[in-house]
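So the structure is just underneath, and the comments pick up after that.
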Amino acid sequence: MRYRTLGTTGVQVSNLCLGTMMLGKWGNTDPGDCVALVRTALDAGVNLVDTADVYSDGESETLVGKAIAGRRDDVVLATKVSSPMGPGPNERGASRRWIIRACEDSLRRLGADHIDLYQVHRPDPATDPDETLGALTDLVRAGKIRYAGSSTFPPSSLVRAQWTAERRGRERFVCEQPPYSLLARGVEADVLPTCETYGMGVLAWSPLAGGWLSGRWHRGAADTSSHRTRTMPFRTTTAHYDLEIPGNQAKLDAATELAAVAAEAGLTLIQLALAFVTTHPAVTAAVVGPRTAAHLHSQLSAADLVLDADVLDRVDRVVAPGTDLNPEDTGYGAAVLADPARRRRAA
């Protein structure tokens, strides 16, 4: 396992981060298996564990807490806030009111007295960044969290947050967690350079493109179904997997070609996919989200790999730099585009 500095914090984290979205009812429903999986990752040298309050409605945080009991000081513990946690209109978002309450709820589920990295899961266009950063600053000063971060923020929101922190004397986001994979390279054009400009760490989520780079998805495959679409409430949309969609057809073709690139390099497709992400100079760690021990072991084998220029050039010929083959894989749709009233002018 290799270790890198998280942004400019001085904190050393493993270049593979254990993502725990698949622990609990959204993925692995055996609590014992889930706890053992986390501990196996820790034994292999992974020291960064990432979860979120919304994962399996809080169950993931509870399982992570059980798994790291007795080893808390060895773990850089990360979780997230802002996704809906109930039917109420204020049980979500990035307001001070919700962040303070959600943090206490996460601490209770994790069985911890502090969170190392507390990330805003998605931008909240209804909340002023100063409101959000002010609440996070208070949590740092209260010892509830050590650092604040963002997840799936567009570059304009990252810049606005950095400027707000500087001008208002707030804690700043020390890292961003964007979607990044061989099939979703859009962040190379703006998000990753923005993070480098502001000294932010990058924890890349979905480096296997939601399973597309697991080796199962290719031309001629008998089964291209997705476990995630069957079990995860906010991924029931077919936009990521429906093969009638041209972007997904392009992903299928690319996955088939990339598997050949991997084989020629003496790698599995999983190894190529993870090493591609961790080879980028802006990336601190790739967030892997195994559901089983077998998945975990196939991913850990990529921890020490660095791709040479020839392999990277061949990858570029399959998927051009800065390209998202399916725009739906960007992870966030701006409200200004989703609401017709906000993007149309009266005649």
- request: Would you look at the GNM of the chain, springs on alpha carbons closer than 10 Å, and say which of 290, 125, 178 moves the most?
  value: 125
statement: Mean accessible area per residue over the chain (1.4 angstrom probe, all protein chains present, square angstrom) is 42 Å²
- request: Would you mind putting 305-313, 94-102 in packing order, based on average other-beta-carbon counts within 10 Å, highest first?
  value: 94-102, 305-313
Inter-centroid distance (Cα atoms) of segment 185-202 relative to segment 139-163, Å: 15 Å
task: Could you tell me what fraction of 2.2 N^0.38 Å the Cα radius of gyration of segment 59-212 comes to, as a two-decimal ratio?
output: 1.04
- prompt: Going highest first, how would you order 317-327, 42-52 by mean Cβ packing within 10 Å?
  reply: 42-52, 317-327
- request: Provide 197, 278 ordered by accessible surface of protein heavy atoms (probe 1.4 Å), highest first.
  value: 197, 278
field: Student exercise, the chain dipole from Lys, Arg, Asp, Glu Cβ charges, in Debye to nearest 20
entry: 820 debye
- line: A chain fully extended from residue 36 to residue 5 at 0.36 nm per residue, minus the present Cα-Cα distance, gains in nm 8.5 nm
- request: Grab the beta carbon distance between residue 292 and residue 168, set R0 = 56 Å, and tell me the FRET efficiency rounded to 0.05.
  value: 0.80
- line: What helix-only [θ] at 222 nm does the chain give? Using -39500 (n - 2.57) per DSSP H run of at least 4, over all residues, to the nearest 500, the answer is -11000 deg cm²/dmol
Enclosed volume per residue, in Å³, of the convex hull spanned by Cα atoms of segment 1-93: 100 Å³
query: Distance in nm between label sites at residue 57 and residue 245, each 7 Å beyond Cα in the beta-carbon direction?
result: 2.6 nm
query: On full extension of the chain, what length is gained from residue 256 through residue 97, given 0.36 nm per residue of separation minus the C-alpha to C-alpha distance?
result: 52.5 nm
message: If I compute solvent accessible area with a 1.4 Å probe over the protein chains, what percent of it on the chain is carbon and sulfur?
response: 51 percent
query: Rg(Cα) of the chain divided by 2.2 N^0.38 Å?
result: 0.95
- prompt: When the chain is fully extended, how far beyond the present Cα-Cα distance does residue 142 get from residue 128, taking 0.36 nm per residue of separation?
  reply: 2.9 nm
message: Sequence gap of 8 or more, or different chains, plus Cα separation below 27 Å: how many lysine pairs satisfy both in the chain?
response: 5
field: residue 156 accessible area, assembled protein chains, probe 1.4 Å, Å²
entry: 80 Å²
- line: Two pseudo-spin positions, 7 Å from Cα along C-beta at residue 309 and at residue 69, lie apart in nanometres by 5.3 nm
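The values are calculated or read from the model by the stated rules, or taken from the named source; none is laboratory data. Keep in mind that this is a model prediction, so the values were computed, not measured. Cβ: placed from backbone, ideal geometry, glycine included. Neighbour counts: every protein chain shown. These accessible areas exclude ligands, DNA and RNA; they are computed on the full protein's heavy atoms, side chains included. Shrake-Rupley method; radii C 1.70, N 1.55, O 1.52, S 1.80 Å.
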